[in-house]
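See below for the structure under consideration.
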Amino acid sequence: MEKKPIKRNENIVKLSRDHHASLLFCWKLRQGVKQHADVERMIKYVSYFWTKHLAPHFTEEEKFLFAPVKDDKVQKAIDEHKKIKELINELTVKGALERESKLSRLADMVDEHVRYEERILFPHLESELSGEQLKHIGTWISDDPLLDTYEDAFWEKPVSL
């Protein structure tokens, strides 16, 4: 059975595109862990991605998309945002133990969160919010794409000579 792409309301499609960048972030972390890349290099990337991508994305979701609906599904996403931020903060503390396993956990956590929002929360919000509300939300969401321009490709397989 062929999976059909999820049809997203045009006013929040930019948030779904951001989710694609977040899934690529997870893949890069998993590749880095799999290849035993230097943990400090990966943590610098996590810091970069948090600042440039995840934090602004979470803010937009919470401030604009989630604000009109107060229910358990929205609260779950907000709680997951907090847990992701806490794990990132734990990673960036010098001398933190088990950092490689925390990087794997972060990749899993972000991946599961994105899939929850795409498969459950966004369809729920699209049915709860009126077309006018979604249109209004769309005017507040930044049009700027989240481009990952990080240059240290720690996730690439080292070239053997």
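The values are calculated or read from the model by the stated rules, or taken from the named source; none is laboratory data. These numbers come from a predicted model, not from an experiment. Note: ideal-geometry Cβ built from the backbone for every residue, glycine included; neighbour counts use all protein chains shown. For the accessible areas, the whole protein counts, side chains as well, though only heavy atoms, and no ligand, DNA or RNA atoms are used. Shrake-Rupley method; radii C 1.70, N 1.55, O 1.52, S 1.80 Å.
Things worth noting here:
- In the stretch 1-20, the qualifying residues are those that are open to solvent by 50 Å² or more (accessible area, probe 1.4 Å), part of a loop (DSSP other than H, G, I, E, B) and under 16 Å from GLY138 (Cβ atoms), and the one that is modelled with the lowest pLDDT is LYS7.
- If you go through the stretch 27-42 and pick out every residue that is assigned to a helix (DSSP H, G or I) and either farther than 18 Å from GLU98 by Cα or open to solvent by 10 Å² or more (accessible area, probe 1.4 Å) (or both), you end up with 9.
- Screening the stretch 122-151 for residues that are of a type in the set (D, E, K, R) and open to solvent by less than 50 Å² (accessible area, probe 1.4 Å) and picking the one that is farthest from VAL13 (Cα to Cα) gives ASP148.
- Residues considered: PRO56, PRO68. Of these, the only one that is within 24 Å of VAL13 (Cα to Cα) and either in a loop (DSSP other than H, G, I, E, B) or among the small types (Gly, Ala, Ser) (or both) is PRO68.
- Counted residues, the stretch 112-155 - those being touching a residue at least 12 places away in the same chain (Cβ under 8 Å), within 30 Å of HIS36 (Cβ to Cβ) and more than 14 Å from the chain's Cα centre (by Cα): 4
- Counting the residues of the stretch 21-40 that are of a type in the set (D, E, K, R) and at pLDDT below 95 gives 3.
- Condition check for ARG119: open to solvent by 80 Å² or more (accessible area, probe 1.4 Å) and within 22 Å of ASP148 (Cβ to Cβ): no
- Flag if ARG99 is open to solvent by less than 80 Å² (accessible area, probe 1.4 Å) and touching a residue at least 60 places away in the same chain (Cβ under 8 Å): yes
- Taking helices (runs of 4 or more DSSP H) as the structural unit, those lying wholly within the stretch 71-128 and holding at least 3 residues that are hydrophobic (A, V, I, L, M, F, W, C) and at pLDDT 95 or above correspond to 72-91, 99-116.
- When every residue of the stretch 83-91 is checked against the conditions, none turns out to be among the aliphatic types (A, V, I, L, M) and open to solvent by 20 Å² or more (accessible area, probe 1.4 Å).
- Once the stretch 56-98 is narrowed to residues that are β-branched (Val, Ile, Thr) and within 14 Å of VAL114 (Cα to Cα), the residue that is farthest from the chain's Cα centre (by Cα) is VAL74.
- The one condition in (1) of a type in the set (A, V, I, L, M, F, W, C); (2) touching a Ser or Thr at 6+ places or on another chain (Cβ under 8 Å); (3) over 26 Å from ASP144 (Cβ atoms) that LEU103 fails to fulfil: (2)
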